[in-house]
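To start, the structure under review is shown below, and the notes come after it.
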Amino acid sequence: MSAFRLLVARELRLALRQGGDAAMVVGFFVLTIILFPFGVGPEPELLARIAAGILWVTALLAALLSLERLFQADWEDGSLEALALMPLPLEAQVLAKCLAHWLVTGLPLTLVAPLLGLLLHLDAAGYPVLLLGLLLGTPSLSLIGAIGAALSLGARRGGVLLSLLVLPLYIPILIFGVAAVEASTGGFTARPHLLLLGAFLAGALPLAPLAAAAALRQALE
Amino acid sequence: MTVPSSDPAPPAAFSGRSLACRRGERLVFAGLDFTLPAGGALVLTGPNGSGKSSLLRLMAGLGRPEAGTLAWDGTPVREDSAAHRARLHFVGHQDAMKPVLTVAESLAFWAGMRGGNSVAAGLARFRLTPLADWPCRLLSAGQRRRLALARLVASPAPLWLLDEPLTGLDADGFADLVAAIGEHRAEGGRVVLSTHAPLPLAGAQELSLAAFARRGA
């Protein structure tokens with residue numbers, strides 16, 4: 001367990017020292033959301049209707065932006081090879097990296113999303129569900145993204161390949177995340193949608209590290 | 001205890017039997033045997049491309065041999081790869097360090113991942129103590145190599161696999177490495193290394209990979 005914590009601490013320290021990723025992801029998220037009122041016009045009714053969709057789609061894209069670096073830097077400097085030879089199983093290491101990735105991207109996204117909802121005139125009833133949905137959904141984005149990041153290691157234009165691999169897998173999260181917010185603003189219960197997001201996370205939590213670790217081993221052979 | 005089998009290999013040895021390695025379409029070597037007892041050193045020599053790095057990677061469990069088996073005390077390492085990882089150190093061509101971490105942080109991380117905590121000893125062994133608070137991006141190539149080698153001392157492991165460890169080392173670094181290997185072997189540790197320059201290692205076996213090279217195909 002302590003090796004797991006050590007790896008998470010190292011990832012967080014690297015993210016803080018290099019400063020780029022978290023700030024870039026949140027910056028991209030905020031700026032893109034701000035573009036929408038300019039693009040579709042400032043009418044509150046229109047913005048309120050599309051707010052949930054915009055927030056979720058942009059969150060997916062922002063998370064995707066930082067995934068390319070998840071294993072790439074370690075792969076380039078030989079750290080990945082060294083990590084693969086550590087006693088801690090590679091699956092657990094992938095989980096540690098996903099946790100760190102979520103802490104520096106998914107969590108900040110979740111925290112700024114309500115502020116941006118304000119900008120988009122999101123209905124008051126939608127906020128708790130938006131927060132809860134993002135809390136359940138963004139860890140899945142990191143976990144599924146890790147599979148794509150591992151598979152696209154070493155490929156040229158890996159970032160584009162990563163998007164093509166991962167975005168289709170994000171569709172269920174998008175559907176249920178948006179549906180949860182729309183249900184609550186429409187006066188229905190968001191519970192089934194949130195439960196499905198939770199189920200998705202419960203599935204990704206054990207399966208994604210297995211798949212990503214297998215892909216990493218393939219890349220290292 | 002385990003019942004002695006008919007296997008002629010003596011116990012307490014790291015050994016390989018009729019190993020073959022393929023890279024792409026090319027069979028790099030085949031029919032390679034070695035036995036390394038506790039305290040032993042195995043020096044891999046041979047021209048570029050003869051498979052020294054490939055053999056070291058096979059020994060580390062990175063990739064699988066085309067044929068043959070690697071065994072530790074008679075147990076194939078494939079059967080318990082976690083135990084094998086726990087007992088080896090592999091220092092390859094890349095230094096696996098982050099520009100923004102300091103020398104001490106970098107060493108503490110790699111040692112800690114293996115449950116070791118002799119960071120000060122590792123730094124002292126390779127004369128890195130004065131550089132402990134330097135960020136790794138300021139290190140020269142030779143200093144980076146020393147830091148990579150310091151991991152060997154910072155978290156003890158019985159098997160060292162070193163791929164051309166002398167690259168970039170100065171005379172002091174060379175002497176430090178030879179001394180570190182000597183101490184490791186005196187405690188019963190094993191070392192396998194590839195090199196193009198002669199190393200003064202007492203009682204080391206030399207394995208010339210040119211003898212196992214397969215041409216053509």
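None of the figures in this text is laboratory data; all of them are computed from the coordinates on show. In this text, all values refer to a predicted model and were calculated from it rather than measured experimentally. Methodologically, a virtual Cβ is constructed for each residue, glycine included, from the backbone with ideal geometry; neighbour enumeration extends over all protein chains shown.
The table below lists the values:
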read-out: Kirkwood-type radius of the protein assembly as shown, with distances r between different C-alpha atoms, in Å; value: 24.2 Å
read-out: Karplus-derived 3J(HN,Hα), 6.51/-1.76/1.60, for each residue of the stretch A:143-158, Hz, glycine and proline x; value: 5, 5, x, 4, 4, x, 5, 6, 5, 8, 4, x, 7, 6, 6, x
read-out: Signed unit charges on C-beta, dipole axis of chain A, positive-most listed residue A:M86, A:A51, A:M24; value: A:M86
read-out: Spatial extent of chain A: Rg and Dmax, with the Cα atoms as the point set, Å; value: 17.8, 57
read-out: Alpha-carbon centroids, the stretch A:1-35 and the stretch A:49-86: separation in whole Å; value: 10 Å
read-out: Part-to-part distance (alpha-carbon centres) for the stretch A:159-221 and the stretch B:101-149, which is given in Å; value: 39 Å
read-out: Relative packing of peptides B:119-127, B:16-24, A:30-38 - highest average C-beta neighbours within 10 Å first; value: B:119-127, B:16-24, A:30-38
read-out: Cβ neighbours within 10 Å from other chains - mean over A:74-85; value: 6
read-out: Value of Rg to Rh for chain B (Rh from inverse mean 1/r over Cα pairs, i.e. Kirkwood); value: 0.98
read-out: Longest exposed-site-free window of chain A, the sites being trypsin sites (Lys or Arg not before Pro) in a DSSP loop that have at most 11 other C-beta atoms within 10 Å; value: A:1-155
read-out: Exposed-loop-free span, longest in chain B, where GluC sites (Glu not before Pro) count as exposed if DSSP calls them loop and at most 13 other C-beta atoms lie within 10 Å; value: B:26-186
read-out: Modelled FRET efficiency - R0 51 Å, B:E187 with A:F38, Cβ distances, 0.05 increments; value: 0.15
read-out: Most fluctuating residue given options B:S81, B:S15, B:S53, as computed from a GNM of chain B linking Cα atoms under 10 Å; value: B:S81
read-out: Note, ³J(HN,Hα) from phi for the stretch A:81-87, Karplus 6.51, -1.76, 1.60, rounded to Hz, x at Gly and Pro; value: 4, 5, 5, 4, 9, 7, x
read-out: Environment charge of B:D95, counting only residues whose C-beta is closer than 9 Å and scoring Lys/Arg +1, Asp/Glu -1; value: +1
read-out: Whole-angstrom gap from the stretch B:32-68 to the stretch B:172-212, using each part's C-alpha centre; value: 14 Å
read-out: Average beta carbon contacts from partner chains per residue of A:12-18, 10 Å cutoff; value: 3
read-out: Helical contribution to [θ] at 222 nm, DSSP H n ≥ 4, -39,500 (n - 2.57), averaged over chain B, rounded to 500; value: -8500 deg cm²/dmol
read-out: Amide hydrogen neighbours beyond the local backbone of B:L207, cut-off 5 Å, H modeled; value: B:V43, B:L44, B:T45
read-out: Amide hydrogen neighbours beyond the local backbone of B:R23, cut-off 5 Å, H modeled; value: B:V28
read-out: For B:30-36, mean number of other protein chain Cβ atoms within 10 Å; value: 0
read-out: Calculated FRET value between B:A38 and A:E221, using beta carbons and R₀ = 25 Å, to 0.05; value: 0.25
read-out: For the stretch B:109-217, convex hull of alpha carbons as volume per residue, Å³; value: 147 Å³
read-out: Under the Karplus curve 6.51 cos²θ - 1.76 cosθ + 1.60, θ = phi - 60°, whole-Hz ³J(HN,Hα) for the stretch A:180-196, x wherever Gly or Pro sits; value: 4, 5, 5, 4, 5, 6, x, x, 9, 7, 8, 3, x, 5, 5, 5, 5
read-out: Computed Kirkwood radius, in angstrom, where 1/r is averaged over Cα pairs of the stretch A:1-130; value: 16.3 Å
read-out: nm² value of the averaged projected area, convex hull over the Cα atoms of the stretch A:89-149; value: 4.4 nm²
